[in-house]
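The values are calculated or read from the model by the stated rules, or taken from the named source; none is laboratory data. The model shown is predicted, which means the values in this text are computed figures rather than measured ones. No Cβ is skipped: glycine too gets one built from the backbone with ideal geometry, and neighbour counts run over all protein chains shown. Just so you know, the surface numbers come from the protein's heavy atoms only, side chains and all, with ligands and any DNA or RNA stripped out. Shrake-Rupley method; radii C 1.70, N 1.55, O 1.52, S 1.80 Å.
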Amino acid sequence: MKILMISMPWQGLDTPSSALGILGQCVRRNATDWAIEELYANLRWAEHLVRESKDVITLADYQNVADQVFHGVGDWVFTSALYDLDTYKVDEFSEFLRQRDVDPMVPAAMQKHARKFIRALAAEIATGPPDVVGFTSTFMQNVPSLALAKELKRLVPGILTVIGGSNCDGKQGPALHRNFEQIDFVVSGEGERSLPALLERIAEDRNFAGIPGLSWRDEGQIVVNPPAQGALPFAAVPPPNYDSYFQELEKSLFQQHVRPKLVLETSRGCWWGEVHQCTFCGLNGSNINFRSKAPERIAEEVRNLAERYKVLDLIMVDNILDMKYLSTAMPAIAALNCDLRIHYEIKSNMTREQLSSLKEANVLYVQPGIESLSSHVLRLMDKGVSGAHNVRMLRDGEDLGLNVTWNILYGFPGETEEDYRTVLKKFATLEHLQPPTGAWRIALERFSPYFEGPVQGFTFRRPAEIYDFIYKMPRDQLYDLVYLFDTGNQGISGPLEDELKQGVEEWAKAYQQSTLSCWTDDRGRIILEDRRASWPQEVIELDDVRSNVYLGMFQCAAREGIRRRLAESGYVVGAEELEEILRYFVDRGLAFEDEGRYVSVALVVNPYRRKLVNGKEVAAS
């Protein structure tokens, strides 16, 4: 028997599907009577768009739509195929996008090609039909998958269809099953054991009771099996196999235009979220329990993937780094001695020494989940860090040459205008550090504490308006199916929102021409060189006391800690004088302060090393 597993749009073109890579191996190991094939329909769709539009629609257009998760653009594009129409709600959805400053022209053009693509792909599959077609669905893969499943059922009525992935978690899976007859089975939760078990039962023509998290039909009646008891141990998760992706890419029109990256999963869940789930975050779904891969497996899997596919870019798709890897997996990866470029999501209060450990292992891209520079707003998020910690992360990341990706979130119940006006005044202090990618109002996500606890501030909620343009179903069914919800705005609004977004844009512009560096002279005094866009360009020499204070702020410190350091160094400084020194550093933009915690913001350089300032090589001292 044969199963065809499909990665539909809008999977990224430059990465294989982690789900296909892992589940395919599980089937090969645990359902040995089944042959398995994998199809990257996302690559086929991108080719179809470019070819049918005669290069008017481009690869960049594909990626732009793939990034529009919170507007549901990718799902809407395939509604014409799902409902077997030339177009669907084009005028209404275009107006919806324009109101959100999104150009609807390209999505509208794409929708005209969707039905033809789905029909052609289904016809190709039907020429030698598999027994089962499996779909993995995350974010905007629902409607493309439903459309193809429907057309396959029309062409080959006996074909069986199964879908799983994060879009099927919790209530979403049974709701998907209830409302779309073209889907025979839905797997909710982790599929490593459930999918092979399902295939074995199909082959043996046995009842499907007892397969954890499976929705199925028994003589026309929908049956929803209880979910698995406990999280899947990582020992049961095999290394991924991405042969089919690279074979498909090699045949693709885009072989010379796509720079592939590998994907590896080293943990699931969130160790911080187990005890302090961030109030806005629903990404871990119904299973936030943290578990991680045995450290000794990781370097071997990294090496095997890099050697097999001749690719050095690697995205770790974990929601948070397992901190024990700093002393286990990271040294082992560093010992591989190859020029990897690894991405990890990390906690934003990691120290410089811990970041250095990552850098030595070629973790060059980090996403620390900074989200805000206001300690008050960070407490509302339950982040467990301060604004000063986040600035230290930005400074150390810049200093170590890491690419730090972050953004600013707002719209939290309890935040104040003063929280943001205070932070806005400090942007100029930080303009030599990597800016946020944007400032965004939080969405109400299923599984988040804000969703699960309406009393926290978001009492009113309804399925997000985007789904009005995508699904034809009763509101109560839609409520169970979707991930995003509309709710009343909380926190800041109006002109201050615009100021925040403008401030982020100005920071990004200033960053390109700003440096602030410091070093220690032969007397142990701090020398600062300021070449930031918004500040006087000068060299500042600090005296012994101020040098001591500045060094005392390096790790983040309160006044008492700075005063204690001064005393231990033999300096007697009164409270008033210390306050004057600290105020100088803050007002001059040499330090960041929030709620009485201070952190120095200058980058540390070696005075004997030459460096670039405004694109020109100059002596560092």
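Do we find a residue being among the basic types (Lys, Arg), open to solvent by 10 Å² or more (accessible area, probe 1.4 Å) and over 22 Å from His71 (Cβ atoms) anywhere in segment 117-129? Yes, segment 117-129 contains at least one residue that is among the basic types (Lys, Arg), open to solvent by 10 Å² or more (accessible area, probe 1.4 Å) and over 22 Å from His71 (Cβ atoms).
Just the residues that are β-branched (Val, Ile, Thr) and surrounded by 20 or more Cβ atoms within 10 Å (Cβ to Cβ), please, taken from segment 142-158. Passing the criteria: only Val143. Restricting attention to segment 29-46, the residues being surrounded by fewer than 18 Cβ atoms within 10 Å (Cβ to Cβ) and part of a helix (DSSP H, G or I) number 2. Of Arg193, Arg178, all but one fail to be open to solvent by 10 Å² or more (accessible area, probe 1.4 Å), of a type in the set (Lys, Arg) and closer than 21 Å to Ala31 by Cβ; the exception is Arg193. Kindly indicate whether any position in segment 591-607 is under 24 Å from Arg352 (Cβ atoms), open to solvent by 70 Å² or more (accessible area, probe 1.4 Å) and modelled with pLDDT under 95. Looking for residues that are under 24 Å from Arg352 (Cβ atoms), open to solvent by 70 Å² or more (accessible area, probe 1.4 Å) and modelled with pLDDT under 95, one finds at least one in segment 591-607, hence yes.
A count restricted to segment 196-215 and to residues that are open to solvent by less than 30 Å² (accessible area, probe 1.4 Å) and polar (S, T, N, Q) stands at 1. Number of residues in segment 49-79 that are within 17 Å of Gln256 (Cα to Cα) and buried (at least 21 other Cβ atoms within 10 Å of the Cβ): the value is 1.
Given the criterion under 21 Å from Glu505 (Cβ atoms) and open to solvent by less than 40 Å² (accessible area, probe 1.4 Å), identify the matching residue among Asp396, Asp419. Can you show your working first?
Values: Asp396 fails: under 21 Å from Glu505 (Cβ atoms).
Among Asp396, Asp419, only Asp419 is under 21 Å from Glu505 (Cβ atoms) and open to solvent by less than 40 Å² (accessible area, probe 1.4 Å).
Of the residues examined, Leu283 is not one that is in contact (Cβ under 8 Å) with a residue 12 or more places away in the chain, of a type in the set (A, V, I, L, M, F, W, C) and under 20 Å from Asp14 (Cα atoms). From the residues in segment 428-454 that are in a strand (DSSP E or B) and in contact with a helix residue (DSSP H, G or I) (Cβ under 7 Å, 6 or more places away or on another chain), which one is nearest to Gly369 (Cα to Cα)? Checked segment 428-454; the qualifying residue nearest to Gly369 (Cα to Cα) is Ala439. Please enumerate the residues belonging to segment 376-386 that are touching a His at 6+ places or on another chain (Cβ under 9 Å) and among the polar types (S, T, N, Q). Those that are touching a His at 6+ places or on another chain (Cβ under 9 Å) and among the polar types (S, T, N, Q): none in segment 376-386.
Does segment 222-237 contain at least one residue that is assigned to a loop (DSSP other than H, G, I, E, B) and buried (at least 19 other Cβ atoms within 10 Å of the Cβ)?
Yes, that holds for at least one residue.
Candidates are the residues of segment 257-293 that are among the hydrophobic types (A, V, I, L, M, F, W, C) and within 19 Å of Glu190 (Cα to Cα); the one that is most open to solvent (accessible area, probe 1.4 Å) is Leu283.
From the list Thr405, Thr437, Thr429, the lone residue that is surrounded by 22 or more Cβ atoms within 10 Å (Cβ to Cβ), of a type in the set (Ser, Thr, Tyr), in contact (Cβ under 8 Å) with a residue 12 or more places away in the chain and farther than 20 Å from Leu380 by Cβ is Thr429. A Cβ distance below 7 Å, combined with a sequence gap of six or more or placement on separate chains, defines the contacts here; from segment 258-273, residues that are within 22 Å of Arg303 (Cβ to Cβ) and in a loop (DSSP other than H, G, I, E, B) reach residues that are open to solvent by less than 10 Å² (accessible area, probe 1.4 Å) and among the acidic types (Asp, Glu) in the pairs Glu265/Asp318; Thr266/Asp318. Looking only at segment 460-467, decide whether some residue is touching a Cys at 6+ places or on another chain (Cβ under 8 Å) and of a type in the set (Asp, Glu). Among the residues of segment 460-467, not one is touching a Cys at 6+ places or on another chain (Cβ under 8 Å) and of a type in the set (Asp, Glu), which makes the answer no. The helices (runs of 4 or more DSSP H) found wholly in segment 94-198 and carrying at least 1 residues that are touching a Phe, Trp or Tyr at 6+ places or on another chain (Cβ under 6 Å) and closer than 16 Å to Leu4 by Cα occupy 142-155. The selection criterion, being out of contact with any Lys or Arg (no Cβ under 8 Å at 6 or more places or on another chain), open to solvent by 50 Å² or more (accessible area, probe 1.4 Å), in a loop (DSSP other than H, G, I, E, B) and at pLDDT 95 or above, does not hold for Arg297. Looking across segment 88-103, the residues that are surrounded by 15 or more Cβ atoms within 10 Å (Cβ to Cβ) and either out of contact with any Leu (no Cβ under 9 Å at 6 or more places or on another chain) or of a type in the set (Gly, Ala, Ser) (or both) come down to Lys89, Val90, Phe93, Ser94, Phe96, Leu97, Val102.
Just a yes or no: is a residue in segment 455-464 of a type in the set (Val, Ile, Thr), in a loop (DSSP other than H, G, I, E, B) and surrounded by fewer than 16 Cβ atoms within 10 Å (Cβ to Cβ)?
Yes.
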